[in-house]
Every structure is written in structure tokens, then in C-alpha cells.
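The values are calculated or read from the model by the stated rules, or taken from the named source; none is laboratory data. All of these numbers come straight from a predicted model, not from anything done at the bench. When we count neighbours, we look across all protein chains shown, and the Cβ atoms used for this are built from the backbone with ideal geometry, even at glycine. Each accessible area value is taken on the protein alone, full model and side chains, heavy atoms only, with ligands, DNA and RNA left out. Shrake-Rupley method; radii C 1.70, N 1.55, O 1.52, S 1.80 Å.
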Amino acid sequence: MSKFDNIDFNSLTQADLVYLLGLKGKEQKKLIEKAREVKLKSVGNIVYLRGLIEYSNVCAKNCHYCGIRRDNTTDSKYVLTHDEVLSCAEYAYSKGFGSLAIQSGEISNTNFVNTVESFLKEIKLKTNDGLGVTLSMGEQSEEVFKRWLDAGAHRYLLRVETSNRELYKKLHPNDNLHNFDNRVNTLKLLQKLGYNTGSGVMIGLPFQTLEDLANDLLFLKELNVDMVGMGPYVEHAKTPLYKYKGELLPVSERFELTINMVACLRLLMPNINIAATTAMQAIVKNGREQAIIAGANVIMPNITPLKYRENYLLYKDKPGTKEQIEDSIESLTKSIKGIGHSIGFNERGDSLHFKIRNKIIG
Ligand code: 5AD
Ligand code: SF4
């Protein structure tokens with residue numbers, strides 16, 4: 001019997017996870033197969049869609065890895081208008097997407113908060129409350145989170161980026177705006193307020209070890225999140241972290257590591273929603289499909305108006321910047337079918353974990 005066969009998958013330890021994350025070849029296939037089985041048993045073979053709207057690339061923060069950081073003034077800055085957001089939402093509704101994910105840099109001024117609140121209310125009105133809404137707009141105050149929840153957002157995604165506070169410090173400026181404890185406390189606040197709460201990490205960062213990644217998985221479990229979006233780190237030339245380019249794993253290894261992270265997370269948290277993220281597709285053409293096979297169950301097709309997409313470059317070679325919206329839905333439906341899954345059209349697709357956590361279902 002190999003080491004793999006002796007693992008107790010019901011109580012995975014840090015050492016087990018380090019071993020599983022490092023698997024390649026035949027043994028990796030066993031891991032993926034195991035995760036696939038667990039997924040099918042717990043959440044089935046439905047893939048939920050979130051129409052992704054990149055609302056604005058303006059950000060007050062200056063994370064060392066991110067292409068839309070405050071100091072990066074080479075891309076032109078944009079904010080979608082109220083009407084543009086509404087037309088994206090109506091488009092998603094008419095196509096049966098079931099949910100939206102609205103994402104932007106982190107801004108906290110009154111005008112921004114009011115504008116988001118107002119389009120959330122109108123989305124609800126115009127779609128007869130027929131669309132789920134995930135927001136991803138960084139750390140905000142309790143009052144703002146409450147207002148946005150009342151206005152119609154019910155899911156919130158805030159990646160912790162890494163659970164290693166020393167690594168966190170290396171990836172961010174050392175100031176109050178980029179504080180690890182604040183980030184974790186904000187995640188707890190979101191849970192307390194009643195949001196479906198999501199987090200996630202980047203994989204293949206400079207200085208990051210397999211132990212760090214195993215701890216990330218245990219951290220997400222400990223925090224009891226409802227959903228996770230995680231993806232490979234992809235270097236961006238106009239960011240300070242780019243200087244460590246030579247120390248990174250080859251992209252193909254970063255990709256395989258991400259697949260293993262998805263599979264391990266599915267084993268650790270069978271009921272949550274896991275996104276097959278855009279960054280996976282940036283590295284490997286069928287990357288999102290591979291993530292679904294390994295345990296993911298959410299896809300976020302980009303429905304941002306095309307003229308803005310090339311300015312929302314978190315990292316290089318981001319896909320979908322030139323694609324036609326219609327084409328990508330059609331080809332997505334086909335490719336999901338091709339891997340034995342089907343799309344949950346017209347379904348919000350909240351995570352089963354959230355429903356159980358809140359005793360909505362037993
Ligand atoms: N590579 C991969 N992901 C990135 N993000 C930001 N910059 C990069 C990068 N260079 C991710 C972060 C952030 C989200 C908006 O995008 O995880 O939370
Ligand atoms: Fe802003 Fe998020 Fe990029 Fe940091 S990762 S600079 S908070 S958009």
C-alpha cells in the first residue's frame with residue numbers, strides 16, 4: 001500500500017496536506033479522483049455561473065503583486081456607469097446566469113458606497129430579485145457592509161491572500177491599510193452580518209512553501225468560510241513583486257499546485273462553493289475545466305463591457321480581454337458538458353455549507 005492509501009481523509013493533518021499538495025503524475029490523478037467523488041456526493045455535478053462585472057479598476061491600496069495597485073498609473077482608470085452595470089445585470093438575467101459577482105479595487109468614499117448601494121437596489125428591482133449578488137470590494141466598515149446587504153448583496157468575497165502573516169507583510173506595504181489582522185477580522189464581521197462569506201489565497205507566490213499552502217487550507221477550514229476563490233500567482237511586470245520573477249515555480253507547476261489545492265480543499269470542506277478562477281485559465285487554456293474536474297463548482301464568465309477589460313489587468317495575459325461575450329457562454333456550456341457536468345442556469349447556487357451553517361436546511 002502506498003502512503004496515499006494510508007491517509008485518513010476525514011481528518012487531514014498539515015503533514016498529510018503537504019504530502020498531497022506535492023503529488024504529481026499517477027498519484028496526483030488519485031487525489032483528483034478522490035476529490036471528484038467527494039464533490040459529486042456532497043454538491044453534485046452542477047456548475048453555477050456568476051456573471052463577473054469588473055466595476056472599477058480604481059484602488060486605494062498598493063499590494064505589491066497587483067496590476068491595478070494605486071501607484072500603477074499606466075492603465076487608464078475607469079468606473080462603470082450606473083447604466084452600464086444595470087445593462088450587464090439585465091444581460092446576465094436574460095441569459096439565465098442566476099448570479100452576479102461584482103468586483104472592484106478598494107475604495108471607501110461616500111460617493112462610491114452610495115453608488116454601489118443604488119445599483120444593487122436597482123438590480124434587485126429590475127430582475128425581480130432573480131439574481132444572486134456576490135460583492136468583492138475589499139475591506140469596508142460594518143455600516144457599509146450592512147447597507148450593501150440590505151440593498152441586495154448577500155455574498156462577499158475577501159481573499160486573505162495568504163494565512164502566513166510574515167508572508168503577508170512581504171506582499172504588502174507595512175501600514176494600517178494593509179494589515180493582516182484587520183483582514184481576518186473583516187472576514188469574521190462579514191460572517192456575523194449574515195453574508196455568504198468567501199475567501200482565498202494566491203498559489204505559487206515568491207517565498208511561499210508547501211507548508212504555507214497546507215496552513216492556508218487549514219485556515220480556511222478553521223474560519224469556516226462558505227466559498228473560496230483561489231488561483232495561481234501570475235507576475236505583473238509593473239509591480240514591485242516582479243523582481244522575484246526568477247524565484248518562482250514554472251507556471252505549469254503553479255498550475256498543478258493550484259489543482260492540488262482545489263482537490264485538497266474539496267476533501268477538507270465538501271459542502272462549500274469553490275470557484276474555478278480566471279487566473280487558472282490565464283495559465284492553461286482549459287484550466288477552469290481542469291479545476292472543475294478536481295473539485296471546483298463555480299465559474300465566473302466575464303461580462304464586463306469589452307472596452308474596459310484591457311484595463312482590469314490584475315496580472316499579465318489575463319484571458320477574455322478580446323473575447324465576445326456571447327461566444328464565451330456558448331463555448332462554456334459545451335465544455336462543461338464535455339466534462340460530465342451541467343450548468344445550473346437560473347439558479348443562485350448559494351453554497352450548501354452556508355445553508356447548513358444557518359440551519360436553512362438540515
Ligand atoms: N496574480 C494572481 N492573482 C492576483 N490578484 C491580484 N494580483 C494578482 C496576481 N498578480 C488577485 C488577488 C486579489 C484579487 C482581486 O486578484 O488575490 O484578491
Ligand atoms: Fe487593490 Fe485588491 Fe489589487 Fe490590492 S489586490 S491593489 S486591494 S485590487
Is it the case that Tyr55 is among the aromatic types (Phe, Trp, Tyr), within 16 Å of ligand 1 (Cβ to nearest atom) and touching a residue at least 24 places away in the same chain (Cβ under 8 Å)? yes
Confirm whether Lys169 is within 15 Å of ligand 2 (Cβ to nearest atom) and assigned to a helix (DSSP H, G or I). yes
Looking only at segment 237-292, and only at residues there that are away from ligand 2 (no atom under 16 Å from the Cβ) and among the aromatic types (Phe, Trp, Tyr), the one that is farthest from His64 (Cα to Cα): Phe255
Restricting the search to segment 59-79, which residues are away from ligand 1 (no atom under 13 Å from the Cβ) and among the β-branched types (Val, Ile, Thr)? Thr73, Thr74, Val79
Every listed condition ((1) over 20 Å from Leu131 (Cα atoms); (2) modelled with pLDDT of 80 or more) holds for Ile274 save (1)
Near pairs, Cβ below 6 angstrom, 6+ apart or cross-chain, from segment 159-170 (of a type in the set (Phe, Trp, Tyr)) to any residue that is within 14 Å of ligand 2 (Cβ to nearest atom): Tyr168/Thr162; Tyr168/Phe180
Among Val144, Val116, the single one that is closer than 25 Å to Leu80 by Cα, within 22 Å of the chain's Cα centre (by Cα), surrounded by fewer than 23 Cβ atoms within 10 Å (Cβ to Cβ) and hydrophobic (A, V, I, L, M, F, W, C) is Val144
Just a yes or no: is a residue in segment 83-90 of a type in the set (D, E, K, R), more than 16 Å from ligand 1 (Cβ to nearest atom) and over 21 Å from Asn311 (Cα atoms)? yes
Taking the stated definitions as given, is Ala282 in contact with a Leu (Cβ under 9 Å, 6 or more places away or on another chain) and either open to solvent by 10 Å² or more (accessible area, probe 1.4 Å) or in a helix (DSSP H, G or I) (or both)? no
Subset of segment 302-346 (residues that are modelled with pLDDT of 75 or more, in contact with a Gly (Cβ under 6 Å, 6 or more places away or on another chain) and in a loop (DSSP other than H, G, I, E, B)): Ile303, Phe345, Asn346
Can you find even one residue in segment 208-225 that is away from ligand 2 (no atom under 13 Å from the Cβ) and closer than 28 Å to Thr73 by Cβ? no
Single match in Leu223, Leu241, Leu265, Leu248 (criterion: at pLDDT 95 or above, touching a Leu at 6+ places or on another chain (Cβ under 9 Å) and under 19 Å from Leu20 (Cβ atoms)): Leu265
Flagged pairs (Cβ under 6 angstrom, 6 or more apart or on separate chains; first in segment 224-239, closer than 19 Å to Asn260 by Cβ; second near ligand 1 (Cβ under 6 Å from one of its atoms) and not in a strand (DSSP E or B)) are Gly231/Ala279; Pro232/Ala279; Val234/Ala279; Val234/Tyr315
Among the residues of segment 147-175, how many are open to solvent by 10 Å² or more (accessible area, probe 1.4 Å), closer than 26 Å to Asn215 by Cα and among the hydrophobic types (A, V, I, L, M, F, W, C)? 1
